[in-house]
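To start, the structure itself, in structure tokens.
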Amino acid sequence: MNKATAKASVIIPYYKKKNNIKRTIKSVISQTYSNFEIILIYDDEDLSELIYVNNLKKLDKRIKIIVNKKNLGAGQSRNIGIFNSKGKYICFLDADDIWNKNKLLLQINFMKKKRCSISHTTYEIRDSKNNRIGLRKARNFYNLKALLPSCDIGLSTVVAEKKIFTKSFKFPNQKTKEDFVLWLKILKKNIQIIGIDKNLTSWYSTKNSLSSSSIQKIKDAFKVYSKYMKFNFIKSVYFTLILSLNFFKKNYF
């Protein structure tokens with residue numbers, strides 16, 4: 001396999017992840033695909049962990065730190081990372097997830113071969129003790145309707161060409177489901193999201209993360225349909241219920 005050469009920009013929002021961030025960074029540094037930059041966005045008004053984060057730059061010269069003046073949330077932080085990126089490809093990674101060492105090489109070469117602008121991969125779910133507790137298989141999404149009932153795209157698996165992102169196509173300002181909104185908007189624009197059924201990412205489920213808050217998820221899910229998809233109240237409630245049921249099935253069955 002010929003190594004792809006285009007630069008990849010790895011966007012990592014950081015908020016109180018001191019115990020996990022070095023593991024995450026090392027999973028990027030160890031990639032067999034070497035033409036990348038890491039943009040870590042420090043999104044915490046409490047600067048007590050900033051010295052530790054800045055010291056991470058000693059691990060690799062390709063690491064860049066951006067410090068937000070105030071807490072903006074993961075979505076807005078990713079937008080800042082995209083704006084400051086220099087790569088042809090934008091790669092998303094949360095500060096407690098890790099990649100297989102061949103992820104970028106396999107995924108970018110796949111995208112070049114298939115001529116697709118955005119892709120995601122299969123990923124495994126692990127608990128805080130590193131036990132594997134689930135697996136989510138990637139599939140192709142050719143239209144908006146296919147994704148509406150269930151957000152089956154793992155954020156930390158996504159690689160997209162930078163040209164996709166514009167003022168209209170960026171993460172919205174909400175606490176959770178911000179990635180779901182963006183994927184739906186991309187599909188609405190008739191840009192296909194292609195799935196690669198290879199397990200290349202480990203997603204860690206942590207109880208204290210925003211994504212683990214069921215109440216917050218339900219609120220933001222309703223906003224996805226009512227505000228961003230512009231569905232009426234009944235239709236928004238319906239899809240929120242379907243989304244919640246699908247989430248329950250995926251996590252408990």
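Any read-out appearing in this document is the output of simple, stated calculations on the displayed coordinates, not a laboratory observation. Here the structure is a predicted model, which means the values were calculated and not measured. Positions of Cβ are generated from backbone atoms using ideal geometry, with glycine treated the same way; all protein chains shown enter the neighbour counts.
What the table shows:
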read-out	value
Charge dipole (debye, nearest 20) of the chain; +1 at Cβ of Lys and Arg, -1 at Cβ of Asp and Glu	660
Which of Thr176, Thr5 has the fewest Cβ neighbours within 10 Å, and the rest in rising order	Thr5, Thr176
Helical segments meeting 18 Å axial Cα length and Kyte-Doolittle 0.5 threshold in the chain (DSSP H)	233-252
Inter-centroid distance (Cα atoms) of the stretch 108-139 relative to the stretch 180-206, Å	9
Cross-link pairs Lys18/Lys88; Lys189/Lys230; Lys175/Lys227; Lys61/Lys129 - those with Cα-Cα distance over 23 Å	Lys18/Lys88; Lys61/Lys129
Estimated distance in nm for a label pair at Asn232 and Asn84, the labels positioned 7 Å out from Cα along Cα-to-Cβ	4.6
Positive dipole terminus of the stretch 1-118, leading residue within Asn79, Asn102, Ile38 (C-beta point charges)	Asn102
Virtual spin-label span in nm between Lys112 and Arg139, 7 Å along Cα→Cβ	3.0
Dipole of the stretch 8-252, positive end: most advanced residue of Ala160, Tyr52, Ile133 [Cβ charges, Cα centre]	Ala160
Antiparallel content of DSSP bridges confined to the chain, in %, to 5	35
Extension reserve of the Asn173-Lys61 stretch, reckoned as 0.36 nm per residue once the Cα distance is removed	37.2 nm
Farthest positive-ward along the stretch 8-252 dipole, Cα basis, beta-carbon charges - from Ile118, Phe247, Val237	Ile118
When the stretch 102-253 is reduced to its Cα atoms, the Kirkwood hydrodynamic radius in Å	16.2
